[in-house]
Amino acid sequence: GKGGVPGLATVATAATVLTAPSSVSGGLGYAVALQVPILAIIDVYAAWLHSTALDWPTVWLLLPTSFIGMGLGQMIDKHMTDRGARLLVGCILLAILALRTWKDVAAVLCPRWAIEHHLGESKGRKIEEGKTSEDEDENDDDSGETNDKER
């Protein structure tokens, strides 16, 4: 998420759509024109801040596809009214919510299936290995005690 807060960009998008002036022709376009540069600067700063930990092949895959998406959005925007754009954004946000909820429910109800299909992969590894953070803490304590006894 933006700024380390999961879902913040989604909330910001919904807030922009809800608060964009509907009395001004093209008001949603103006609101988005203000939001996109801010979100882009946040992404660039986060990439710079974490540049040593970035998965560069993924970045190079996402970068051109994001430009394609922006171009496609510009073409669609020419043929849409503000009302249609608001409806489209709402449908996309609901689809994202449904997908995220489905993944979470699947990981809880069917953990083995979720692991096999890489849903919640980091959680899946802990489930598969039978470890929790408490188990790892106990193992760290145990290893420290054995080291003290061996000395």
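The values are calculated or read from the model by the stated rules, or taken from the named source; none is laboratory data. Everything numeric here is computed off the predicted structure, so don't read it as measured data. Reconstructed Cβ throughout: ideal geometry from the backbone, glycine too, with neighbour counts over all protein chains shown. Quick note on the areas: whole protein, heavy atoms, side chains included, nothing else; ligands and nucleic acids left out. Shrake-Rupley method; radii C 1.70, N 1.55, O 1.52, S 1.80 Å.
Scanning the stretch 78-92 for residues that are β-branched (Val, Ile, Thr) and either touching a His at 6+ places or on another chain (Cβ under 7 Å) or open to solvent by 70 Å² or more (accessible area, probe 1.4 Å) (or both) yields a count of 2. Within the stretch 93-112, the residues that satisfy the criterion of being open to solvent by less than 100 Å² (accessible area, probe 1.4 Å) and either of a type in the set (Ser, Thr, Tyr) or assigned to a helix (DSSP H, G or I) (or both) are LEU93, ALA95, ILE96, ALA98, LEU99, THR101, LYS103, ASP104, VAL105, ALA106, ALA107, PRO111.
For ALA47, are the conditions met, namely being of a type in the set (Gly, Ala, Ser), closer than 28 Å to GLY84 by Cα and open to solvent by less than 70 Å² (accessible area, probe 1.4 Å)?
Numbers: of a type in the set (Gly, Ala, Ser): yes; closer than 28 Å to GLY84 by Cα: no; open to solvent by less than 70 Å² (accessible area, probe 1.4 Å): yes.
It is false that ALA47 is of a type in the set (Gly, Ala, Ser), closer than 28 Å to GLY84 by Cα and open to solvent by less than 70 Å² (accessible area, probe 1.4 Å).
Total residues in the stretch 50-59 satisfying the condition of being exposed (fewer than 10 other Cβ atoms within 10 Å of the Cβ) and more than 17 Å from ALA9 (Cβ to Cβ): the figure is 6.
For the stretch 1-39, filtered to residues that are under 19 Å from LEU93 (Cα atoms), open to solvent by less than 60 Å² (accessible area, probe 1.4 Å) and part of a loop (DSSP other than H, G, I, E, B), the residue that is modelled with the highest pLDDT is ALA20. A single entry from ILE42, ILE96, ILE68 fulfils the requirement of being free of Cβ contacts under 8 Å to residues at least 12 places away in the same chain and not aromatic (Phe, Trp, Tyr): ILE68.
Criterion first (at pLDDT 80 or above, in contact with a helix residue (DSSP H, G or I) (Cβ under 7 Å, 6 or more places away or on another chain) and surrounded by 10 or more Cβ atoms within 10 Å (Cβ to Cβ)) does ILE42 satisfy it?
Details: at pLDDT 80 or above: yes; in contact with a helix residue (DSSP H, G or I) (Cβ under 7 Å, 6 or more places away or on another chain): yes; surrounded by 10 or more Cβ atoms within 10 Å (Cβ to Cβ): yes.
Yes; evaluated as a whole, the condition is true for this residue.
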